[in-house]
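The values are calculated or read from the model by the stated rules, or taken from the named source; none is laboratory data. On a predicted model such as this, the values are computed, not experimentally measured, just so you know. Every residue, glycine among them, receives a Cβ derived from its backbone with ideal geometry; neighbour counts consider all protein chains shown.
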Amino acid sequence: MSLPVIVFDVDGVLVDVNASYREAIAETIRHFTGVRPDAASIQQWKLRGGYNNDWVLCHHYCRELGVDVPYEHVVGYFNRIFFGEDGDGLISREVWVPENGLLRRLARRYRLALFTGRNRAELAPTLQRFAAGIAFDPVITADDVTHGKPAPEGLFQIARRADAPIAAFLGDTIDDAASARAAGVPFIGVASAGAPHRSTLVEALRQAGAVAIIENVNEIEEVLPQ
């Protein structure tokens, strides 16, 4: 019998991206507009929903500030500072969140899968650096779906490929929650203790149907069925 599947979002769940993706958002907006948004402001945009794609968030944020920079320029600058030269950009500041042994314990009871808004080029170096010994399968990236989060397409693909039920999807945004709800999948929200507007995020995740909310992925065993 196939094991049930736990699906993880990557950013904000398996990886702390405050110094990588969130910093890239702030610096990209500053580069084009001269205004550097703080962490709370960026979180407010994420709470709107529909901004799982950080390039889109930057582009719309710049527009809201009155700067109509071409989208491809936003993407180009963001990627340059994110990747740097030979991976020495902001991506090198990422921090792996799961404690040693957590994912291997889970893998005894569940199949582990990923559903991320990253593309393969963004995901591969992070997995190679932090989780080369962990068998995530299936792995669904932005390259694998026509419609990204909050659409449920990626979760449907995972269920189909795994030929097994999804026990839970862990995510940290409204878009993650909406994707789970649309797919009929139990959603576990992650709201870190230091997240800006945490109380608003927690309430939004609850309203979106989260069956549980934890501060970080290392608490997952406390909320999974025994």
Check your understanding: Limited to the stretch 92-114, what total is found for residues that are under 21 Å from Asn79 (Cα atoms) and in contact with a helix residue (DSSP H, G or I) (Cβ under 8 Å, 6 or more places away or on another chain)?
Key -> 3
Study note, to complete from the structure: The correct count of residues that are surrounded by fewer than 20 Cβ atoms within 10 Å (Cβ to Cβ), charged (D, E, K, R) and within 20 Å of the chain's Cα centre (by Cα) in the stretch 81-117 is 2
Practice item. Please verify whether the stretch 13-20 includes one or more residues that are out of contact with any helix residue (DSSP H, G or I) (no Cβ under 7 Å at 6 or more places or on another chain), farther than 24 Å from Ala162 by Cβ, touching a residue at least 60 places away in the same chain (Cβ under 8 Å) and not charged (D, E, K, R). Key: yes
Review point. Residues of the stretch 32-74 being in contact with a helix residue (DSSP H, G or I) (Cβ under 7 Å, 6 or more places away or on another chain), outside any loop (DSSP other than H, G, I, E, B), in contact (Cβ under 8 Å) with a residue 24 or more places away in the chain and surrounded by fewer than 18 Cβ atoms within 10 Å (Cβ to Cβ), which ones?
Key: Ala39, Leu47
Exercise for review: Can you tell me which residue within the stretch 1-24, out of those that are of a type in the set (Ser, Thr, Tyr) and in a loop (DSSP other than H, G, I, E, B), is surrounded by the most Cβ atoms within 10 Å (Cβ to Cβ)?
Suggested key: Ser20
Exercise for review: Would you be able to tell me the number of residues in the stretch 122-147 that are part of a helix (DSSP H, G or I) and either of a type in the set (D, E, K, R) or loosely packed, with under 13 Cβ neighbours inside 10 Å (or both)?
Suggested key: 5
Revision key, fill the gap. Flagged pairs (Cβ under 6 angstrom, 6 or more apart or on separate chains; first in the stretch 132-143, modelled with pLDDT of 95 or more; second surrounded by fewer than 19 Cβ atoms within 10 Å (Cβ to Cβ) and of a type outside the set (Phe, Trp, Tyr)) are Pro138/Arg161; Ile140/Gln157; Thr141/Asn119; Thr141/Arg120; Ala142/Asn119; Asp143/Asn119; Asp143/Arg120
Check your understanding: With Pro196, Pro150, Pro125 as the choices, which residue is in contact (Cβ under 8 Å) with a residue 60 or more places away in the chain, out of contact with any strand residue (DSSP E or B) (no Cβ under 7 Å at 6 or more places or on another chain), over 14 Å from Asn52 (Cα atoms) and not assigned by TED's automatic domain parsing to the domain that holds Leu47?
Key -> Pro196
Exercise for review: List every residue pair whose Cβ atoms sit under 9 Å apart, with the two residues 6 or more apart in sequence or on different chains, where the first one lies in the stretch 199-226 and is on the phi > 0 side of the Ramachandran plot and the second, anywhere, is assigned to a strand (DSSP E or B).
Suggested key: Gly209/Phe187
Point to revise | Filter result for Ile158 (assigned to a loop (DSSP other than H, G, I, E, B), assigned by TED's automatic domain parsing to the domain that holds Val10 and not aromatic (Phe, Trp, Tyr)) | key: no
Review point. Out of curiosity, is Ala204 over 17 Å from the mean Cα position of the chain (by Cα) and surrounded by 18 or more Cβ atoms within 10 Å (Cβ to Cβ)?
Key: no
Practice item. May I ask you to list the residues in the stretch 180-193 that are closer than 17 Å to Leu14 by Cβ, of a type outside the set (A, V, I, L, M) and more than 12 Å from the chain's Cα centre (by Cα)? Key: Phe187, Ser192
Review point. Only one of Ile91, Ile29 is under 16 Å from Glu122 (Cα atoms) and either modelled with pLDDT under 95 or assigned to a helix (DSSP H, G or I) (or both); which?
Key: Ile91
